[in-house]
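One structure is given here, and the rest of the page talks about it.
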Amino acid sequence: MRSKVYLLLLLVSMNAVAQTKIVVNVSNQSDNPRTDHPIIIPLQKYGEISSALVEEYANSDSSATKEVACQLDDLNQDDINDELCFLSDLKAHQQKKYIITLYHEGAPRNYPARVYTEMLMRNDKVKEKNRHNNFIESITARGDCANPYNLQHHHGVCFESELNGIRVYFDKRQTLDIYGKKLHRLELQQTQFYTSAEQKQEYYGDDVLWVGNTFGLGAFRGWNGNEPTMIDPVKSRTQRIISYGPLRTIVEIIDRGWTIDPQQKPLNMVIRYTQYAGRRDTDVNIEFDRDASDYVFSTGIIDVKGSEEYSDHKGTRACWGTDWPASDTINWNRETVGLAINLPQQNIIEEKARDPKGKQQQGCNYTFVIKANGTKLNYKVAYCSANEKEGFRSAKEWFDWVKAWKKETDSPVIVNY
């Protein structure tokens, strides 16, 4: 009798665990399929959420479901989860239904990692460039730090999906540098952006772009009326990791007291980079501490030596070109890459023509002069390497993908719950 009472009490206790169920309807209204499309559910109105389960209905007429990988993210680092994220594959004009169970107790479920991010300090006892192990999560340098570029092992935070790999330089350039893969897989934990000869034999990728002082892949800069200006001077600059995955990684660059123009009040700025699994594009979300509508900024992509250019003159611009990724032309090969940026048209002040001689201080760029919407400014960047086994082989193929990417951005998946 006692065992039956204990079992009954246990069942009552299990059922009493606080939880909330949400039914989410997702609709792709475009003519093109969507793969690994991020679905984001804000959690503020559901209280403190510790764990979640996402299930996809087999079809609209069935109660059968399958579990879908998800993750919870604490975006403002106050130890309370702010968003739930999962990824959806949708055919053209397809609708799907999901049921989400939010738990106020427990721990997040574990799913295979499809993204990776890391920050590293050098370990003087480690000789191999791809074996360093002084992992950190955040670093801040004062504005008068002489050489922040060399504080971190690979010069800044890095992150990747199966299709790409990016590092953001920890200095006044804050440039996005790219890693070209041959196979679609996660690699940065093994190579740390410094691929060994043995790893190259195993078809690992490598650094494929020289960026110098250019925009690289969509770095955010100031504008002095004639050319881009660096994120300098500042009171301090910070890099930190917000989320490690498994479906998206989020990193932030924080610049305090950025004096863009001596005639204007300094700004505090947070640049957030979000990388989703299965995606070759990266979200760039910028937020200022106050209305920045009266400030003028710039961004764009590097003109890879004599590259071919595409622009729709509505905010989407791309190039395809070939150049040496380093000054060492003996141990490096010339690399062919495609770069792209996608800006909201409402933020564009001017699309600048390419400077064919690269006379600008920042090098030869495809430049946009841009403005913020109040305190916010958002855009996307993407790239490819011609080394990819399942990739692009010509400017036409790359530009066709860029055009489809633009259409996808302009026709977001509809989410109702």
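The values are calculated or read from the model by the stated rules, or taken from the named source; none is laboratory data. This is a predicted model, so every value here is computed, not measured. Because the Cβ atoms are built from the backbone with ideal geometry, glycine has one as well, and the counts that use them run over all protein chains shown. These accessible areas exclude ligands, DNA and RNA; they are computed on the full protein's heavy atoms, side chains included. Shrake-Rupley method; radii C 1.70, N 1.55, O 1.52, S 1.80 Å.
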Which of these, 89, 78, 312, has the largest mean-square fluctuation under a Gaussian network model of the chain (Cα springs below 10 Å)? 78
Which value, in Å² rounded to 10, gives the accessible area of residue 304 with a 1.4 Å probe and all protein chains present? 10
Between the stretch 136-156 and the stretch 162-190, how far is it from one alpha carbon centroid to the other, in angstrom? 17
Could you report the stretch 31-135's accessible area per residue, 1.4 Å probe, as an integer in Å²? 56
Suppose accessible area is computed on protein heavy atoms with a 1.4 Å probe; arrange 385, 394 from highest to lowest. 394, 385
Relative contact order of the stretch 292-416 (C-alpha contacts under 8 Å, at least 6 apart) in percent is 29
Between the Cα axis of helix 2-15 and the main Cα principal axis of the chain, the angle (0 to 90°, nearest 10) is 40
Normalised contact order of the stretch 150-208, rounded percent, pairs of Cα under 8 Å and 6 or more residues apart: 28
Taking only Cα atoms and a 10 Å spring cutoff, compute GNM fluctuations for the chain and point out the largest among 106, 245, 278. 106
Per residue of the chain, what 222 nm ellipticity follows from adding -39500 (n - 2.57) for every DSSP H run with n ≥ 4, rounded to the nearest 500? -2500 deg cm²/dmol
Just to verify a number: FRET efficiency for residue 189 and residue 332, C-beta to C-beta distance, R0 = 22 Å, to 0.05? 0.45
For the stretch 255-282 and the stretch 398-417, distance of Cα centres in Å: 24
Please work out the FRET efficiency for the pair residue 416 and residue 264, using the Cβ-Cβ distance as r and a Förster radius of 45 Å; give the result to the nearest 0.05. 0.60
Once volume of the Cα convex hull per residue in Å³ is worked out from the coordinates, which option in [x] 403; [y] 180; [z] 146 does it equal? [y]
Sequence-separation-based contact order of the chain, relative, with Cα cut under 8 Å and 6+ spacing, percent: 15
Mind checking the angle between helix 395-410 and the chain's longest principal axis? C-alpha axes, 0 to 90 degrees, to the nearest 10. 50
Using a/c under 1.5 as the rounded threshold, could you call the stretch 219-310 rounded, prolate or oblate? The axes a ≥ b ≥ c are square roots of the C-alpha gyration tensor eigenvalues, and prolate needs a/b larger than b/c, oblate otherwise. oblate
Rounded, prolate or oblate (a/c below 1.5 giving rounded, otherwise prolate when a/b exceeds b/c) for the stretch 259-319 by Cα gyration tensor: oblate
In debye, nearest 20: dipole of the chain around its Cα centre with unit charges on the Cβ of K, R (+) and D, E (-)? 200
Here the residues of the stretch 316-346 lying in the modelled label zone of residue 396, meaning backbone nitrogen under 18 Å from a point 7 Å along Cα-to-Cβ, are 319-321, 338
Rounded, prolate or oblate for the stretch 297-408? Axes are the square roots of the Cα gyration tensor eigenvalues, ordered a ≥ b ≥ c, and the cut-off for rounded is a/c under 1.5. oblate
Can you pull the accessible area of residue 204 for me, 1.4 Å probe, Å² to the nearest 10? 40
Can you tell me the dipole magnitude for the stretch 244-402 around its Cα centre, using point charges on the Cβ only (Lys, Arg +1; Asp, Glu -1), in Debye to the nearest 20? 60
Which distance in nm do the two modelled labels at residue 99 and residue 345 give, with both placed 7 Å along the Cα-to-Cβ direction? 4.4
Need the full-extension length gain, residue 203 to residue 79, defined as separation in residues times 0.36 nm minus the C-alpha distance. One decimal, nm. 40.7 nm
What residue among 331, 147, 378 has the largest mean-square fluctuation in a Gaussian network model of the chain, using Cα springs under 10 Å? 331
